[in-house]
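The values are calculated or read from the model by the stated rules, or taken from the named source; none is laboratory data. Here the structure is a predicted model, which is why all the values come from computation and not from measurement. Here Cβ is always computed from backbone atoms with ideal geometry, including for glycine, and neighbour counts include all displayed protein chains.
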Amino acid sequence: MTEQPQISNAKKFTKEVLKGFVIANPVFVLVLGLCPALAVTISIDNALGMSAGVIFVLLGSNIIISLIRKITPQLVRIPIFIVVIATFVTILSLVFEAYFPPLYESLGIYLSLIVVNCIILGRAEAFASKNTVMLSIADAIGIGLGFTAAMLIVSLIREILGTGKLTVFGYTLFSIPVLSEYPLTFFIMPPGAFLVLGLLLALFRWLGVLKNE
Amino acid sequence: MNSSASLITIFIGMAIINNMILTQFLGLCPFFGVSKKLSNAISMGIAVTFVMLLAATATSVIYNYILVPYEIEFMDIIIYILVIAALVQIVEITIRRTNIILYNALGIYLPLITTNCAVLGIALINATNNYSIAQSMVSALGAGVGFTLVLIIMSGIRERLELGEAPKSLRGLPVAFVTAALLALAFMGFSGLL
């Protein structure tokens, strides 16, 4: 008898994780968090670093906001959420500056801009402020992984077409013979980002993963 | 140490070469959300320019006279976001009390601007480049003008695009992204300007 609630909790937990990953993918379905998805997807390294940062901030802010949800006055909830998020972003940028200086340099202001990323405030307002800590953690993991998947897809396409090879943390995994000598630099430049994301959105719709507007 | 870049270089650089939307990807939510109609695009552009100018001035004063002398630059994110949120509230209340026509034109866009990354972005860009207060104001003005310009061009294109027959899965947002890609490509031609 005592195992019953645990099983249903575990099921709920997995359901929340899967929801963010597939049904409510933040980038491709909800079309949120576009600035980082376009700006830092030049290389896989940047995309991974950015995703790790977003997952950390999302997890931290979801946990804290869920913990204080009962004592948060309704009127000033948004400023409170923003301060909590900004605190985690400050921690993140100090850690990146100290331990991963090259990544910190290449992410630049986009690392600090996680604070105004609609995904994080959106989850705080729509989910963490209304649900228990466990479910909020599941939600953060799901949405965070969904964001990571989207970032990886965009940066894979851009890095392979734009440089002709795939390099992860200094190791070249493979390089395409002709393309690496004459790379399509268009794809690692700003217009390439818009084109790749636009076509991916269309592809997801065409596949029926996306609902029509 | 303040940067020595001249004001006109900063203005042109922020407005055209390093355009907020097309090369720095800041402020994309209003860009895709509000660019369906020309009149909305103009109102949004003016509102963003106005808030960016105010926010850049305020954050630059704070950066140069509080954060740098007391060596607490690491607090910039928290302080900037609070200053911007408070500023937007003050602007909204002031406009509502003093000019009801302007409020009706800009009103609904003002709260949206708080979470617009372009406003925080310009404050952070100014701090990273060590701009003085005058330089920060010019860079914010340039960024705002560039933002408005691209928003107006985009809304003009999208008004025509609505009439065209795009494939079903491309309609709406995807085709707006492809249009933005072409626009960004065109703006890359300005990169040799300075």
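What the table below lists for this structure:
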read-out: Selection count, region B:35-55, where residues are away from chain A (no Cβ under 14 Å) and assigned to a helix (DSSP H, G or I); value: 14
read-out: Single residue of A:LEU199, A:LEU166 found to be under 26 Å from A:VAL31 (Cα atoms) and either surrounded by 15 or more Cβ atoms within 10 Å (Cβ to Cβ) or within 14 Å of another protein chain (Cβ to nearest Cβ) (or both); value: A:LEU199
read-out: Qualifying residue in region A:172-179 (condition: surrounded by fewer than 21 Cβ atoms within 10 Å (Cβ to Cβ) and either at pLDDT 85 or above or within 11 Å of another protein chain (Cβ to nearest Cβ) (or both)); value: no
read-out: Boolean, A:GLU105 is within 19 Å of B:PHE74 (Cα to Cα), out of contact with any Asp or Glu (no Cβ under 8 Å at 6 or more places or on another chain), at pLDDT below 90 and acidic (Asp, Glu); value: yes
read-out: Test: B:ARG171 is more than 9 Å from chain A (Cβ to nearest Cβ), surrounded by 14 or more Cβ atoms within 10 Å (Cβ to Cβ) and among the basic types (Lys, Arg); value: no
read-out: Cross-chain or 6+ apart pairs with Cβ under 7 Å, region A:101-118 first and more than 10 Å from every other protein chain (Cβ to nearest Cβ) and farther than 15 Å from B:ALA123 by Cβ, then aromatic (Phe, Trp, Tyr) and in a helix (DSSP H, G or I); value: A:LEU103/A:PHE96; A:TYR104/A:PHE96
read-out: Answer from A:LEU58, A:LEU48 - the residue that is in a helix (DSSP H, G or I), surrounded by fewer than 20 Cβ atoms within 10 Å (Cβ to Cβ) and modelled with pLDDT of 90 or more; value: A:LEU48
read-out: Residue in region A:168-200 that is nearest to the chain's Cα centre (by Cα), counting only those that are under 30 Å from B:SER169 (Cβ atoms) and β-branched (Val, Ile, Thr); value: A:VAL196
read-out: Residue match in region A:132-149 (condition: in a loop (DSSP other than H, G, I, E, B), over 28 Å from A:LEU200 (Cβ atoms), touching a residue at least 12 places away in the same chain (Cβ under 8 Å) and in contact with a helix residue (DSSP H, G or I) (Cβ under 7 Å, 6 or more places away or on another chain)); value: yes
read-out: Qualifying position, being touching a residue at least 40 places away in the same chain (Cβ under 8 Å) and β-branched (Val, Ile, Thr), among A:VAL95, A:VAL76, A:VAL54, A:VAL89; value: A:VAL54
read-out: Residue list for region B:172-187, filter: among the β-branched types (Val, Ile, Thr) and under 16 Å from B:ASN19 (Cβ atoms); value: B:THR179
read-out: Lone unmet requirement of (1) farther than 24 Å from A:VAL27 by Cα; (2) in a helix (DSSP H, G or I); (3) not charged (D, E, K, R) for A:GLN74; value: (2)
